[in-house]
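Here is the structure we will look at, set down as structure tokens.
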Amino acid sequence: MSIIKKISNGESIIWVWKIDESIDELIELTNQTTDIKNEIKRKEFYASRILIEKMCEALNLNYQGIKKDDNGKPHLINSKYHVSISHKFPFVSVIIDTKKCGVDIERIDEKVKKIKSKFLSEEEELIIGENLKKLVEYWSMKETAYKVEGNTIPLKSIEIKEKLENLFCCSIHGKTIEIMTKEIDGHILSYST
């Protein structure tokens, strides 16, 4: 199990796992099951569940499983803690917190340029310019903020303002969420603080 990053942030913990195990090795590490056919998606599923179990162990939480709400947001069964999951093979990231939380991991990839008009405001497009890393950072932060909010909202309506280097304020319907970013092996990790 290759946990490549562990972050403690107040009441929350964020872990990132680089999956290098075979599907059989992952299955041996958990009692979870899935009917997902795609091998990469199966690996992401198993790795995320194993990671959550290990994180709950580290927090002395009784892990009873995950359930998803009507919006697809995961919740720890019978726990006051909140959880958020993200994966972009070969990485899986999870945050567990005492308050609503979000995490996202995205590959720094030219493909995101094709969809930037769907999630950036005109002002944000001017701020980012042609900076691919910054573009992916904004995409990832908006995904993280969306996960904190937990409801269907247009990503363009999430406003981002840089507070400090790698610390941003995201505004959704008058609510402010602080989000940190880190670059990890050609990917952007963003998480709520």
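In this structure, residue 135 does satisfy being of a type outside the set (Val, Ile, Thr), without any contact (Cβ under 8 Å) to a residue 24 or more places away in the chain and surrounded by 20 or more Cβ atoms within 10 Å (Cβ to Cβ). Is it true that residue 100 is touching a strand residue (DSSP E or B) at 6+ places or on another chain (Cβ under 6 Å) and surrounded by fewer than 17 Cβ atoms within 10 Å (Cβ to Cβ)? Answer is yes for this residue. Residue count for segment 3-31, restricted to those that are among the polar types (S, T, N, Q) and closer than 30 Å to residue 180 by Cα: 3.
Based on this model, can you work out whether residue 121 counts as polar (S, T, N, Q) and in contact with a Lys or Arg (Cβ under 7 Å, 6 or more places away or on another chain)? It is true that residue 121 is polar (S, T, N, Q) and in contact with a Lys or Arg (Cβ under 7 Å, 6 or more places away or on another chain).
Residue 129 satisfies every condition listed in (1) open to solvent by less than 70 Å² (accessible area, probe 1.4 Å); (2) free of Cβ contacts under 8 Å to residues at least 12 places away in the same chain; (3) under 23 Å from residue 175 (Cβ atoms) except (3). The test for being surrounded by fewer than 16 Cβ atoms within 10 Å (Cβ to Cβ), modelled with pLDDT under 90 and not aromatic (Phe, Trp, Tyr) does not hold for residue 28. Test residue 68 against the stated conditions and say whether it is closer than 18 Å to residue 143 by Cα and either exposed (fewer than 12 other Cβ atoms within 10 Å of the Cβ) or in contact with a His (Cβ under 7 Å, 6 or more places away or on another chain) (or both). Yes.
Filtering segment 34-65 to residues that are open to solvent by 40 Å² or more (accessible area, probe 1.4 Å), farther than 19 Å from residue 98 by Cβ and of a type in the set (Asp, Glu) leaves 35, 39. Within segment 19-30, residues that are closer than 21 Å to residue 185 by Cα reach partners that are assigned to a helix (DSSP H, G or I) with beta carbons closer than 7 Å, at six or more positions or on different chains, in the pairs 19/43; 19/47.
Could you go through segment 89-97 and let me know if any residue there is within 16 Å of the chain's Cα centre (by Cα) and open to solvent by 40 Å² or more (accessible area, probe 1.4 Å). Please lay out each step first, then the result.
Of segment 89-97, the ones within 16 Å of the chain's Cα centre (by Cα) are 89-97.
With the extra rule that they be open to solvent by 40 Å² or more (accessible area, probe 1.4 Å), the set shrinks to 89.
Within segment 89-97 (the criterion being within 16 Å of the chain's Cα centre (by Cα) and open to solvent by 40 Å² or more (accessible area, probe 1.4 Å)), the answer is yes, since at least one residue qualifies.
Would you be able to tell me the number of residues in segment 156-193 that are open to solvent by less than 30 Å² (accessible area, probe 1.4 Å) and under 18 Å from residue 115 (Cα atoms)? Of the residues in segment 156-193, 4 are open to solvent by less than 30 Å² (accessible area, probe 1.4 Å) and under 18 Å from residue 115 (Cα atoms).
Considering each residue of segment 17-59, count those that are β-branched (Val, Ile, Thr) and touching a strand residue (DSSP E or B) at 6+ places or on another chain (Cβ under 7 Å), and give that number.
Step one: of segment 17-59, the residues β-branched (Val, Ile, Thr) are 19, 23, 27, 30, 33-34, 36, 40, 50, 52.
With the extra rule that they be touching a strand residue (DSSP E or B) at 6+ places or on another chain (Cβ under 7 Å), the set shrinks to 19, 52.
Within segment 17-59, residues that are β-branched (Val, Ile, Thr) and touching a strand residue (DSSP E or B) at 6+ places or on another chain (Cβ under 7 Å) number 2.
Within segment 146-155, the set of residues being open to solvent by less than 60 Å² (accessible area, probe 1.4 Å) and either on the phi > 0 side of the Ramachandran plot or modelled with pLDDT of 90 or more (or both) comprises 147, 148, 150.
Does segment 107-117 include one or more residues that are open to solvent by 10 Å² or more (accessible area, probe 1.4 Å) and touching a Phe, Trp or Tyr at 6+ places or on another chain (Cβ under 6 Å)? Before the answer, list the steps.
At the first step, the residues of segment 107-117 found to be open to solvent by 10 Å² or more (accessible area, probe 1.4 Å) are 107-117.
Filter again for touching a Phe, Trp or Tyr at 6+ places or on another chain (Cβ under 6 Å), leaving 112.
Yes, segment 107-117 contains a residue that is open to solvent by 10 Å² or more (accessible area, probe 1.4 Å) and touching a Phe, Trp or Tyr at 6+ places or on another chain (Cβ under 6 Å).
The values are calculated or read from the model by the stated rules, or taken from the named source; none is laboratory data. None of these values were measured; they are calculated from a predicted model. Cβ: placed from backbone, ideal geometry, glycine included. Neighbour counts: every protein chain shown. Protein only, heavy atoms only, side chains kept; ligands, DNA and RNA dropped before computing areas. Shrake-Rupley method; radii C 1.70, N 1.55, O 1.52, S 1.80 Å.
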